[in-house]
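Written out below as structure tokens is the structure these notes cover.
The values are calculated or read from the model by the stated rules, or taken from the named source; none is laboratory data. Since we're looking at a predicted model, the values are computed, not measured. All Cβ positions, even for glycine, are placed from backbone atoms using ideal geometry, and neighbour counts span all protein chains on display.
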Amino acid sequence: MTRRLFSAIFSIWFAVTLTFLLLRIAPGNAIHTALISSGAGQAIIDEREAALGLNAPIIEAYVRAWWELVSGNSVSLASGIPIHMLIEGQLAATAELAAVALALAIPTGLVTGLVAARGSRLGRFSAQTLISILLATPVYWSGLLILIAAPALFPALIQQQSVLLPAAAIALGLTGTLARATETSIRAQYREAYILAARSRGVPELSILTRHALRAGAVPITSTITLQLAFLISGVVVTETVFARAGLGRTLVNAVLVQDFPVVQAIVALTSVLTIAILFLSDGVCARLDPRIRME
């Protein structure tokens, strides 16, 4: 457990440090961009950057960035808003989008995977074809297709700016991954001896599938579901941008474009913590489902 905790801390440190270095390598910053746009002279720009520590040596800037991040005292260079307020204002929209996407993807992925593994010949072919298409379709392409088709098919959802459309774009990719994991797990279970034993006792096929195979194959399926929560982070960034929807993903993209260093670093740190927490959750859930799995 200690080793895993150390690995988690190192991962967060590495993500934030790499982000810091990449942002510092790129020329300019949010203050420089804003003042140049307003017609300010170089002397005013230098004075403002010095006041904010943007011209400080890299080691000093690195220590300052970590201190502001840990203490929660950092502010956005572009807007001057405290970053914790900025994130709190966008977190609810992103959480809603992620929750709806999962609610759409989990049942759809499970059913599609079960049909692909144990359905009729036509059902297996159709489900496997659908899974392949979903896995091959990027999130941004799904979002664009939905944006093109939605005005004709779902005009009410467009007018209401419903969360269902961007959530559907994310859910398509999640569904393909979950369906493939379900299909693979169920096929593996049907090669086990206990399935033959259940059939020899006259257990109905539906009971074998739902009460035996699905239950025994729940560990990889559950692991896939929890790990897909991490995928939501990248999916949300793309989807919020495509649908011009408020949230952490769009805030991150805007911050990168204007080189708002503190905002980018704060969101990267938050997403790193969430991703690592999800990985711990995945291990814990799998260990609970299967006692043979031991958390080290």
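Some points to look at:
- Checking Pro138 against (1) surrounded by 17 or more Cβ atoms within 10 Å (Cβ to Cβ); (2) modelled with pLDDT of 80 or more, the condition it does not meet: (1)
- Residue match in segment 183-203 (condition: within 21 Å of the chain's Cα centre (by Cα) and either β-branched (Val, Ile, Thr) or buried (at least 20 other Cβ atoms within 10 Å of the Cβ) (or both)): no
- Scanning segment 74-129 for residues that are of a type outside the set (A, V, I, L, M, F, W, C) and outside any helix (DSSP H, G or I) yields Ser74, Ser76, Ser79, Gly80, Pro82, Gly119, Ser120.
- Consider segment 60-69 and keep the residues that are over 23 Å from the mean Cα position of the chain (by Cα) and of a type in the set (A, V, I, L, M). The one that is surrounded by the fewest Cβ atoms within 10 Å (Cβ to Cβ) is Val63.
- Checking each residue in segment 78-103 for being under 23 Å from Phe14 (Cα atoms) and buried (at least 19 other Cβ atoms within 10 Å of the Cβ) picks out only Ile83.
- Of all residues in segment 170-221, exactly one satisfies the criterion of being acidic (Asp, Glu) and within 25 Å of Gly284 (Cα to Cα), namely Glu183.
- Residue-level check: of (1) modelled with pLDDT under 80; (2) surrounded by fewer than 16 Cβ atoms within 10 Å (Cβ to Cβ); (3) outside any loop (DSSP other than H, G, I, E, B), Gly53 misses just (3).
- Of all the numbered requirements in (1) under 30 Å from Arg118 (Cα atoms); (2) part of a helix (DSSP H, G or I), Val203 misses one, and that requirement is (2).
- Matching option when the condition is part of a helix (DSSP H, G or I) and in contact with a Pro (Cβ under 6 Å, 6 or more places away or on another chain), among Ser185, Ser142: Ser185
- Some residue of segment 6-18 being surrounded by fewer than 16 Cβ atoms within 10 Å (Cβ to Cβ), modelled with pLDDT under 75 and either of a type in the set (Val, Ile, Thr) or closer than 23 Å to Val256 by Cβ (or both): no
- Selected residue (only one of Leu270, Leu248, Leu174 is surrounded by 20 or more Cβ atoms within 10 Å (Cβ to Cβ), closer than 25 Å to Ser74 by Cβ and within 13 Å of the chain's Cα centre (by Cα)): Leu248
- Contact annotation: no residue pair with Cβ atoms under 8 Å, 6 or more positions apart or on different chains, pairs a residue in segment 118-141 that is outside the structural domain of Tyr190 (by TED's automatic domain parsing) and more than 30 Å from Glu240 (Cα to Cα) with a partner that is exposed (fewer than 14 other Cβ atoms within 10 Å of the Cβ) and among the small types (Gly, Ala, Ser).
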